[in-house]
Amino acid sequence: MKVLHIGKKENMERNTERTDFTDSVEVVSLPMGLPTDRYLEVCPDAEVIVADAIAPVPGELIRGLPHLQMIHSEGVAYNQIDIESARECGVYVCNCAGMNASAVAEQTVLLMMVLLKDVIAGDKAVRVGQQIQKKEGYMTRGDLKELRDCRVGLIGFGDIGKCTAKLLSAYGAQNFYYKRTPLSAEEEREYGVVYLALDELLAGCDIVSLHLPVTPQTEHMCDAAFFAKMKHGAYFVNTSRGELVDDEALVEALRSGRVAMAGLDTLDHEPVAQDHILVQQPEEIAGKILFSPHIGGITASSFRRGYAMIWENIRRVAEGERPQNVR
């Protein structure tokens, strides 16, 4: 079995648990961003591609590897893989579904808490000797909230959404969700959630949190019309994919106060350049945006779980079995 790994070599080496099987597999690691011809030249007989979640795997590469049987994302996202070409060539496309669910759920709740408690502004105030003024301002306005004060709307309810709901329930939040096919009543009780239609969720929730993959239907779904439907002064959190959000529409929603603050673990057009529209906002808007560098799902435990899934699927393909998490 020969594997073409497109990504950081050290990630695969560090997170692979050595076994007789893994030692029997030849792995060729190349960085992202090389021309397709280079991958074909170095590893023309690849049977499996393991690709960084943001590494493009174009149809030209898929069609150029006659022995290819499976393409496996190193993460949950697989939108950079040409799935149609893979299907035409009879190649499985798999991801590490669930590998980072608990980690991203923690990051989601972290962003919510930081926004609700205005942590960044509070830290700055203490550093410049304005602790009392800042504290008295909160007390006068009465605008610091607890999660138990909030109706939280989760858009999308896969593994991450479910983990997030369980964490939020421990804080006493009222949890609502939207997905194309609602859960059964038994599942809703299990996760402590109530289904709402999307427009109703946007209008009634104090926090709106995204838990969706990027598809042609969801790309830039958070546009001007989406934000206009949100409850005035609500908080917006995205730990899914930046491509879900129309950045200009988000800026306008922050400017108008429709969205009080946004917590973003991911942005459209990563890696993020210094001239990104959300990065280059004046203080009036910048102070309403909290960034984290897309780290929600990259805990050590997440990677170990993910690579266990990858190697299990490589073993399955090597033995002529159908892999898991086929997309």
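The values are calculated or read from the model by the stated rules, or taken from the named source; none is laboratory data. Quantities reported herein were computed from a predicted structural model and do not represent experimental measurements. Cβ: placed from backbone, ideal geometry, glycine included. Neighbour counts: every protein chain shown. Quick note on the areas: whole protein, heavy atoms, side chains included, nothing else; ligands and nucleic acids left out. Shrake-Rupley method; radii C 1.70, N 1.55, O 1.52, S 1.80 Å.
If a residue has to be among the hydroxyl-bearing types (Ser, Thr, Tyr) and either over 17 Å from GLU74 (Cβ atoms) or surrounded by fewer than 16 Cβ atoms within 10 Å (Cβ to Cβ) (or both) to count, how many in segment 23-47 make the cut? Write out each step before concluding.
Pass one, segment 23-47, residues among the hydroxyl-bearing types (Ser, Thr, Tyr): 24, 29, 36, 39.
Retained after the next criterion (residues that are either over 17 Å from GLU74 (Cβ atoms) or surrounded by fewer than 16 Cβ atoms within 10 Å (Cβ to Cβ) (or both)): 24, 36.
Qualifying residue count for the region: 2.
Within segment 133-144, count every residue that is part of a helix (DSSP H, G or I) and either open to solvent by 90 Å² or more (accessible area, probe 1.4 Å) or touching a residue at least 24 places away in the same chain (Cβ under 8 Å) (or both). Working first, answer last.
Step one: list which residues in segment 133-144 are part of a helix (DSSP H, G or I), which gives 133-141.
When the remaining residues are screened for being either open to solvent by 90 Å² or more (accessible area, probe 1.4 Å) or touching a residue at least 24 places away in the same chain (Cβ under 8 Å) (or both), the result is 133, 135-136, 139-141.
Counting residues in segment 133-144 that are part of a helix (DSSP H, G or I) and either open to solvent by 90 Å² or more (accessible area, probe 1.4 Å) or touching a residue at least 24 places away in the same chain (Cβ under 8 Å) (or both) gives 6.
Could you grab me the full set of residues in segment 249-308 that are open to solvent by less than 60 Å² (accessible area, probe 1.4 Å) and among the basic types (Lys, Arg)?
LYS288, the sole residue that qualifies.
Looking at LYS124, LYS117, LYS166, can you tell me which residue is surrounded by fewer than 19 Cβ atoms within 10 Å (Cβ to Cβ), in contact with a helix residue (DSSP H, G or I) (Cβ under 7 Å, 6 or more places away or on another chain) and basic (Lys, Arg)? Walk me through it before giving the result.
Values: LYS124 fails: in contact with a helix residue (DSSP H, G or I) (Cβ under 7 Å, 6 or more places away or on another chain); LYS117 fails: in contact with a helix residue (DSSP H, G or I) (Cβ under 7 Å, 6 or more places away or on another chain).
Result of the check over LYS124, LYS117, LYS166: LYS166.
Quick one: in segment 145-163, which of the residues that are open to solvent by less than 80 Å² (accessible area, probe 1.4 Å) and part of a loop (DSSP other than H, G, I, E, B) is farthest from GLY233 (Cα to Cα)?
GLY158
Are any residues in segment 1-58 hydroxyl-bearing (Ser, Thr, Tyr), within 29 Å of the chain's Cα centre (by Cα) and part of a loop (DSSP other than H, G, I, E, B), and if so, which ones?
If we filter segment 1-58 for residues that are hydroxyl-bearing (Ser, Thr, Tyr), which is where we start, we get 16, 19, 22, 24, 29, 36, 39.
Within this subset, residues satisfying the condition of being within 29 Å of the chain's Cα centre (by Cα) are 16, 22, 29, 36, 39.
Correct list: THR16 only.
Scan segment 181-196 residue by residue and report those that are of a type outside the set (Ser, Thr, Tyr) and open to solvent by less than 50 Å² (accessible area, probe 1.4 Å). Step through it out loud before you land on a result.
Within segment 181-196, the first condition is being of a type outside the set (Ser, Thr, Tyr), and the residues that meet it are 182-183, 185-190, 192-194, 196.
If the condition is that a residue be of a type outside the set (Ser, Thr, Tyr) and open to solvent by less than 50 Å² (accessible area, probe 1.4 Å), then LEU183, GLU188, GLY192, VAL193, LEU196 are the ones that fit.
Condition (residue is in a loop (DSSP other than H, G, I, E, B), hydroxyl-bearing (Ser, Thr, Tyr) and out of contact with any Pro (no Cβ under 6 Å at 6 or more places or on another chain)) applied to segment 289-296: is it met by at least one residue? Explain how you work it out, then say what you get.
Step one: list which residues in segment 289-296 are in a loop (DSSP other than H, G, I, E, B), which gives 292-296.
So of that shortlist, the ones also hydroxyl-bearing (Ser, Thr, Tyr) come out as 292.
From the residues that got through so far, the ones that are out of contact with any Pro (no Cβ under 6 Å at 6 or more places or on another chain) too are 292.
Checked segment 289-296: at least one residue is in a loop (DSSP other than H, G, I, E, B), hydroxyl-bearing (Ser, Thr, Tyr) and out of contact with any Pro (no Cβ under 6 Å at 6 or more places or on another chain).
I'd like to verify a number: residues in segment 214-240 that are in contact with a helix residue (DSSP H, G or I) (Cβ under 9 Å, 6 or more places away or on another chain) and either part of a strand (DSSP E or B) or in contact (Cβ under 8 Å) with a residue 60 or more places away in the chain (or both), how many?
Number satisfying all stated conditions: 9.
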